[in-house]
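Please treat every number below as a calculation from the coordinates, not as lab data. All values derive from a computational prediction rather than experimental measurement. Please note: Cβ atoms are built from the backbone with ideal geometry, for glycine as well, and neighbour counts cover all protein chains shown.
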2 protein chains.
Amino acid sequence: MPQAGPAKGMDQAPKALFFDVFGTLVDWRISIAREAELILKPLGHALDWPAFADAWRGEYQPAMEEVRSGKLPFCKLDVLHRRNLERILPRFGVSSLSDDTMRQLNLAWHRLDAWPDVPPGMGQLKRMFWLAPVSNGNISLMVDLARRNSLPWDAVLGSEIAGDFKPKPRVYLSACDAFGLAPGDCMMVAAHSNDLAHAAKCGLRTGHIARPNEHGPGKGEPAPTVPVDVAASSLEDLARKLGA
Amino acid sequence: MPQAGPAKGMDQAPKALFFDVFGTLVDWRISIAREAELILKPLGHALDWPAFADAWRGEYQPAMEEVRSGKLPFCKLDVLHRRNLERILPRFGVSSLSDDTMRQLNLAWHRLDAWPDVPPGMGQLKRMFWLAPVSNGNISLMVDLARRNSLPWDAVLGSEIAGDFKPKPRVYLSACDAFGLAPGDCMMVAAHSNDLAHAAKCGLRTGHIARPNEHGPGKGEPAPTVPVDVAASSLEDLARKLGA
């Protein structure tokens, strides 16, 4: 096998890489804590900012579950983020924010910073693979993050194209279909074993990125808890292991 | 008004530019003639190559009309191109091509070259606007053309997202919605007055690019035949006129 070939165990390199975004590519926790402080501190609020970020993110899965279960029709993640924000603010003793402040605060999710390995790693991967986010975030959110962090997407796929949220199979499969590829020619890349397990069930290959501090120091996945095709410590490590 | 401001008559610059692709950004006629010759000549065929390109493109609107009218369900343009190819080959006395040759020939639409002003003009526009194709071509076709011609899309919008073909309103409106923008904040850019007239009816602004030789020497639109917000001679001219 050539040194720069596909990772051990893969007959042939995939043609496209699909990326989870929140947590895998961007550090939502530090970024949301910073953005909330930037907006709310000048208004006289003093919160435990990382705890506020955790609380907001904590409403993420339950909100999407209402859509996945069919209880609510599909809507953009921006809409769910806004509802979740209204739900958690009272817990932190914050009320009566102006509509403009609420809008600015909700758009904090459009201003997340990438982990340091992401821009260089993505640049290496771009030469060899088609790249797309397959995230639960909406298209305009993905565009803002891409422009902020130099993510060279070939297209923006994911929940808004599929009209549903991961880990529903149609989100993975609609991404493969949009690129005109069989699932086996696509690799889902994520820092979350659950995401990868569902992608694998749809026939995609899987790549795990270790983000051991996603939810705070020591609170993340240092390694996959399910079988994957490649386990990497960073996007640059993934590029190396895929021969890019 | 500042020198580098929006074009005369526009209160404020648009935030996103949507591009027609075939004819506006890429020279399909010369490219298809070249690709057909590259594939069919070694097999002993001697066709009028530009006439072959014209005939193939001639089936484009009628094929989409079957979808727009509801007679056929939506499908990717790749599928319509293949059906149209099978329809025109007998007219040129070509038959019994292998399935692999048919597939390669059909993918000629993924190997079109941009007009020379497009890569530099697009680079200028990228600094100031969100950019997306709003084409009747499918996503994988758009990705191949973008990689070939350095088109720095923020997302790939258009027919495959909308599930219908231009000039149906939902194609323009779904693109605005994907970017989270009002139609008045988006500009459709095309070399075809018909495309622009329909976009304007949906509330989008319009920019015309002169492609006087799209269908052969002197066979194209040297100027718009409908009112537009900006008429430009090239993408670089459009960038200048939009202050980019």
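The set of residues in segment B:107-132 being in contact with a strand residue (DSSP E or B) (Cβ under 6 Å, 6 or more places away or on another chain) and of a type in the set (Gly, Ala, Ser) consists of B:Ala114, B:Ala132. Does any residue of segment A:202-223 turn out to be away from every other protein chain (no Cβ under 14 Å), surrounded by fewer than 21 Cβ atoms within 10 Å (Cβ to Cβ) and within 25 Å of B:Glu160 (Cα to Cα)? Checking segment A:202-223: at least one residue is away from every other protein chain (no Cβ under 14 Å), surrounded by fewer than 21 Cβ atoms within 10 Å (Cβ to Cβ) and within 25 Å of B:Glu160 (Cα to Cα). Of the residues in segment A:42-52, at least one is among the small types (Gly, Ala, Ser) and either more than 16 Å from A:Met102 (Cα to Cα) or in contact with a Ser or Thr (Cβ under 7 Å, 6 or more places away or on another chain) (or both).
Each row is one residue, and each column tells you yes or no for (1) over 25 Å from B:Gly203 (Cβ atoms); (2) hydrophobic (A, V, I, L, M, F, W, C); (3) away from chain A (no Cβ under 14 Å).
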position	(1), (2), (3)
B:Gln124	yes, no, yes
B:Leu141	yes, yes, no
B:Asp144	yes, no, no
B:Arg148	yes, no, no
B:Leu151	yes, yes, no
B:Asp154	no, no, no
B:Pro167	no, no, yes
B:Tyr172	no, no, yes
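Are any residues in segment A:57-66 in a helix (DSSP H, G or I) and within 18 Å of the chain's Cα centre (by Cα), and if so, which ones? Within segment A:57-66, A:Arg57, A:Gly58, A:Tyr60, A:Gln61, A:Pro62, A:Ala63, A:Met64, A:Glu65 qualify. Taken over segment A:125-159, residues that are out of contact with any Ser or Thr (no Cβ under 9 Å at 6 or more places or on another chain) and not hydrophobic (A, V, I, L, M, F, W, C) amount to 11. Scanning segment B:69-91 turns up one or more residues that are under 15 Å from B:Glu35 (Cα atoms), away from chain A (no Cβ under 14 Å) and assigned to a helix (DSSP H, G or I).
The residue that is nearest to B:Pro133 (Cα to Cα), counting only those in segment B:193-244 that are of a type in the set (Ser, Thr, Tyr) and in contact with an Asp or Glu (Cβ under 8 Å, 6 or more places away or on another chain), is B:Thr206. Among the conditions (1) in a helix (DSSP H, G or I); (2) buried (at least 18 other Cβ atoms within 10 Å of the Cβ), the only one that A:Arg103 does not satisfy is (2).
Filtering segment B:53-80 to residues that are of a type in the set (A, V, I, L, M, F, W, C) and under 22 Å from B:Leu157 (Cα atoms) leaves B:Ala63, B:Met64, B:Val67, B:Leu72, B:Phe74, B:Cys75, B:Leu77, B:Val79, B:Leu80. The condition of being within 12 Å of chain B (Cβ to nearest Cβ) and closer than 22 Å to B:Cys176 by Cα does not hold for A:Asp177. B:Ala108 falls short on exactly one of the conditions (1) of a type in the set (A, V, I, L, M); (2) surrounded by fewer than 18 Cβ atoms within 10 Å (Cβ to Cβ); (3) more than 10 Å from every other protein chain (Cβ to nearest Cβ), and that condition is (2). Scanning segment A:212-235 for residues that are of a type in the set (Asp, Glu) and farther than 22 Å from A:Arg29 by Cβ yields a total of 1.
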